[in-house]
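A short write-up of the structure that comes next.
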Amino acid sequence: MKPQASLQCWRLALSMDFQCLSALYHSSVLYRDMGDTESELEALALLHTALENPSEDDSCRKMSFPFRTELIVRSSVLSSFIHTPGSCEVKYLMARQCLQNRRTEQAVGHYLELIGALQDGSQPQGLCSSPAPLPRIPVIYLEASAALLENKRFSDAITVCLEVLNTLSHLTTGDISIDTIRNNHEKAESMSEQLNCVLWASSAHLLQGEALSMLGNHRESVADFTRCINLLTKFHCGNSGSVELTEYKVWGILKAAALLGRSHQFQQMGEDRTALMNAKLSLQVAPAFPGVTSCLLDALQRLGRKKEAACQWRTFQSNKEILHQQWEDIRGDLPLYLSIISRKEDSMDASLVKELEDYVQNEEKMMTTPSGTSVAMKT
């Protein structure tokens, strides 16, 4: 690959005709592949401006030359280099890239502008298929909610989640079977769509629960986490055995996150036994989920169950690398609107860690004789 040579060609195309918008778009794609986020966003911003405000020269050229290049070129390989996304699609690319790179304030602005444009019905219908089509509308709303949540605009995040839930309320009834999706082709499409709706609605409840917890509304937060879990019970694996569907992985993370969220809220309300039960269930669903071990250890410590906490600490320490790799594998399948979960650091209270380490060391010392020879070696 010669990315710099490709960029030079796109620049040459733009120097000959600034209305060659496909050159701007493909430059942004190349910058993304190169990891140059600043240049990618700059190219997308220029493209969006050009699409929103077409020049008079461009309008005249279209009137003079009705046979546009993209209508003449038939080869799919060549035509893919000519087509350009619409303005809403470019706005979405900007929003998504900002959210991925933790530019949350910029991401929020782009998402809200995009939602406003979609609500106004201003998305133009192109003659040719877009190289960067928009995702489903609930996905855009959920990503916007995640961006608002990261930007600490909790009330606005709740409002966006409610829009999703109100839209999907009549589409999440009935149970969903993986066996049916795999084996019954007649019902597979409708059931897959229902599965998407359930996952979107569950995600909206999860994000709403997170926002409520940040506002200090612990009871309401628990209620939303519980609604998330209840919706997920509609999903059944049947006799499929090991399920590799991406949706199933998302289902597991949603359930683990909701259980962990409930555990945190019960801790805040002083209900430590209930908090411990939820932390254990979360660990059972997704042992690699960030923060679950920390929450479990904290709950055990609060209840004075230090020996059990030390046992869990040993298990975590011995499997730390494996769990990290498992989470990295799962995180790659998560949708962007759950990025706020994948960004949670599994940080533990330093004093709790020190206390557990001292407890484990003392236990190990007690397993040895005063001379330092282990009991096992003496026997």
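The values are calculated or read from the model by the stated rules, or taken from the named source; none is laboratory data. Just so it is clear, the structure is predicted and the values come from calculations on it, not from any experiment. Please note: Cβ atoms are built from the backbone with ideal geometry, for glycine as well, and neighbour counts cover all protein chains shown. Heavy atoms of the whole protein, side chains included, go into the accessibility calculation; ligands, DNA and RNA do not. Shrake-Rupley method; radii C 1.70, N 1.55, O 1.52, S 1.80 Å.
Annotations
- Residue in the range 337-346 that is at pLDDT below 80, of a type in the set (A, V, I, L, M) and surrounded by 14 or more Cβ atoms within 10 Å (Cβ to Cβ) present: yes
- Residue count for the range 307-334, restricted to those that are part of a helix (DSSP H, G or I), surrounded by 15 or more Cβ atoms within 10 Å (Cβ to Cβ) and in contact (Cβ under 8 Å) with a residue 40 or more places away in the chain: 4
- Residue-level check: of (1) touching a residue at least 40 places away in the same chain (Cβ under 8 Å); (2) open to solvent by 10 Å² or more (accessible area, probe 1.4 Å); (3) more than 17 Å from the chain's Cα centre (by Cα), Ser221 misses just (2).
- Pairs linking a residue in the range 82-109 that is among the aromatic types (Phe, Trp, Tyr) to a residue that is open to solvent by 20 Å² or more (accessible area, probe 1.4 Å), with Cβ atoms under 7 Å and 6 or more positions apart or on different chains, are Tyr92/Leu134.
- Within the range 288-296, not a single residue is touching a His at 6+ places or on another chain (Cβ under 7 Å) and either open to solvent by 10 Å² or more (accessible area, probe 1.4 Å) or among the aliphatic types (A, V, I, L, M) (or both).
- Checked against (1) farther than 28 Å from Thr104 by Cβ; (2) at pLDDT 90 or above; (3) open to solvent by less than 80 Å² (accessible area, probe 1.4 Å); (4) outside any loop (DSSP other than H, G, I, E, B), Glu355 passes all but a single condition, namely (2).
- A count restricted to the range 267-292 and to residues that are closer than 15 Å to Ile330 by Cα and either of a type in the set (Phe, Trp, Tyr) or without any contact (Cβ under 8 Å) to a residue 12 or more places away in the chain (or both) stands at 1.
- Single match in Leu215, Leu260 (criterion: at pLDDT 95 or above and open to solvent by less than 20 Å² (accessible area, probe 1.4 Å)): Leu260
- Some residue of the range 36-56 being more than 21 Å from Leu93 (Cα to Cα), surrounded by fewer than 20 Cβ atoms within 10 Å (Cβ to Cβ) and modelled with pLDDT under 90: yes
Listed here are the residues, each with its yes/no results for (1) crowded, with 19+ Cβ neighbours inside 10 Å; (2) free of Cβ contacts under 8 Å to residues at least 60 places away in the same chain.
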| position | (1), (2) |
| --- | --- |
| Leu114 | yes, yes |
| Gly121 | no, yes |
| Ser129 | no, yes |
| Leu134 | no, yes |
| Ser145 | yes, no |
| Cys161 | yes, yes |
